[in-house]
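Structure record follows, encoded as structure tokens.
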Amino acid sequence: MKLNIKNSNIPFGIFFSISEVVFTIIIASLVKLISGDLSVFVILFFRYLFCIPLLLLMALFQRGNQAMVIKSKLGLIFRTLAGIGSFGCLFAALQFIDLSLMTILLQAMPLFVTILAPLLIKEMVGWFRRIIAIIGFIGVILILNPSNDGWLAKGVIFGIMSPFFGALMVISVRRLGQTDHPASTALWYNILGALVFLLICVLNKFQWPKYDDIFLILIVIGVVSSFQQICLAYSYKLAPASLLAPLRYISVPIGIIVGIKFFNESLSSNFFIGTLIIITTSLIIIYKENQKR
């Protein structure tokens with residue numbers, strides 16, 4: 001079953017896509033705020049746990065007794081693993097690197113999609129787009145500037161792996177949107193994510209948070225994440241991925257402003273040069289993709 005995207009749905013898809021970007025920045029900022037007080041696995045568990053109530057209500061309201069029905073189970077598993085990998089690496093990276101830097105690294109997602117698309121969905125990618133993707137990764141190298149800590153530094157590894165898994169997640173969400181209802185896929189994804197991180201936390205005997213300000217922040221992270229998941233699923237269901245991809249770049253100025261204002265982050269010349277390279281090459285790839293279609 002293929003999704004028939006109507007022009008009247010595209011404005012709603014754009015709205016959901018922009019909202020998803022804003023919610024992601026809010027989540028990342030709150031995680032950065034408490035990352036020094038809790039294990040990243042505990043934060044991830046509560047992020048997934050507190051997502052479930054709102055998503056469950058939405059799925060029941062929209063689908064009734066079909067709320068838990070999924071046609072593409074293999075697609076759901078792939079989407080779950082990719083989502084856990086993306087958010088897991090994102091939350092882990094925020095313990096070691098600046099929010100503004102992580103925001104820029106997330107924009108490398110189209111570069112990874114260009115590399116992964118021929119392998120995963122047999123998409124033909126010309127040499128021009130491949131060369132542009134390679135140039136884009138030069139921008140990644142510039143802003144990471146691993147000369148001090150090396151490429152094996154935790155922040156560098158997690159920072160690169162987050163957009164890598166994010167690219168896999170985008171591909172899987174787009175595929176699931178053609179066969180399954182976004183409310184059901186988002187619900188199952190968060191249930192499975194909560195179970196995975198609960199098991200990790202119990203086996204490793206991590207310390208649980210007290211009922212204080214940090215616990216309230218965890219609730220907010222979970223609730224905002226539920227809105228983020230809903231917006232992500234619906235945006236790719238209502239509008240073409242090639243149209244939505246450039247909208248993600250509004251997170252760049254937002255992330256930089258939040259990083260400077262609330263976390264006293266400083267930006268080097270390499271940061272701005274690398275940012276310009278990543279955004280330019282990604283936009284070229286998106287433009288060429290639109291031409292191809």
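The values are calculated or read from the model by the stated rules, or taken from the named source; none is laboratory data. Since the model is a prediction, treat every value here as computed from it, not as a measurement. Don't worry about glycine lacking a Cβ; one is built from the backbone with ideal geometry, like all the others, and counts go over all protein chains shown.
Results for (1) among the small types (Gly, Ala, Ser); (2) closer than 24 Å to Tyr211 by Cβ; (3) within 16 Å of the chain's Cα centre (by Cα), shown as yes or no for each residue.
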site	(1), (2), (3)
Ser39	yes, yes, no
Leu49	no, yes, no
Met68	no, no, no
Ser72	yes, no, no
Phe87	no, no, yes
Leu90	no, no, yes
Asp98	no, no, no
> Only one of (1) in contact with a helix residue (DSSP H, G or I) (Cβ under 9 Å, 6 or more places away or on another chain); (2) under 26 Å from Trp208 (Cα atoms) fails for Gly136. Which number is that?
Replying inline: (2)
> How do the helices (runs of 4 or more DSSP H) wholly within region 70-184 filter down when requiring 2 or more residues that are more than 24 Å from Phe46 (Cα to Cα) and modelled with pLDDT under 85: which remain?
Replying inline: 99-106, 109-120, 127-144, 154-176
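Residue-wise test of (1) within 30 Å of Arg174 (Cβ to Cβ); (2) at pLDDT 80 or above.
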residue: Ser226; (1), (2): yes, yes
residue: Cys231; (1), (2): yes, yes
residue: Ala241; (1), (2): yes, no
residue: Leu247; (1), (2): yes, no
residue: Ile256; (1), (2): yes, yes
residue: Ser266; (1), (2): no, yes
residue: Ser269; (1), (2): no, yes
residue: Phe272; (1), (2): no, yes
> When you look at Thr24, is it buried (at least 21 other Cβ atoms within 10 Å of the Cβ) and touching a residue at least 24 places away in the same chain (Cβ under 8 Å), yes or no?
Replying inline: yes
> Considering Phe16, Phe78, Phe41, Phe12, which residue is within 17 Å of Val220 (Cα to Cα), in contact (Cβ under 8 Å) with a residue 12 or more places away in the chain and not β-branched (Val, Ile, Thr)?
Replying inline: Phe41
> Considering region 180-228 alone, what residues qualify as being more than 21 Å from Leu56 (Cβ to Cβ) and of a type in the set (S, T, N, Q)?
Replying inline: Asn204, Gln207
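For every residue, the table says whether it meets (1) over 22 Å from Leu101 (Cα atoms); (2) not hydroxyl-bearing (Ser, Thr, Tyr).
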site	(1), (2)
Ile14	yes, yes
Ser17	no, no
Ser29	no, no
Ser35	no, no
Leu38	no, yes
Tyr48	yes, no
Met58	yes, yes
>> Take the residues in region 1-20 that are at pLDDT below 85 and crowded, with 19+ Cβ neighbours inside 10 Å; name whichever of them is farthest from the chain's Cα centre (by Cα).
In response: Gly13
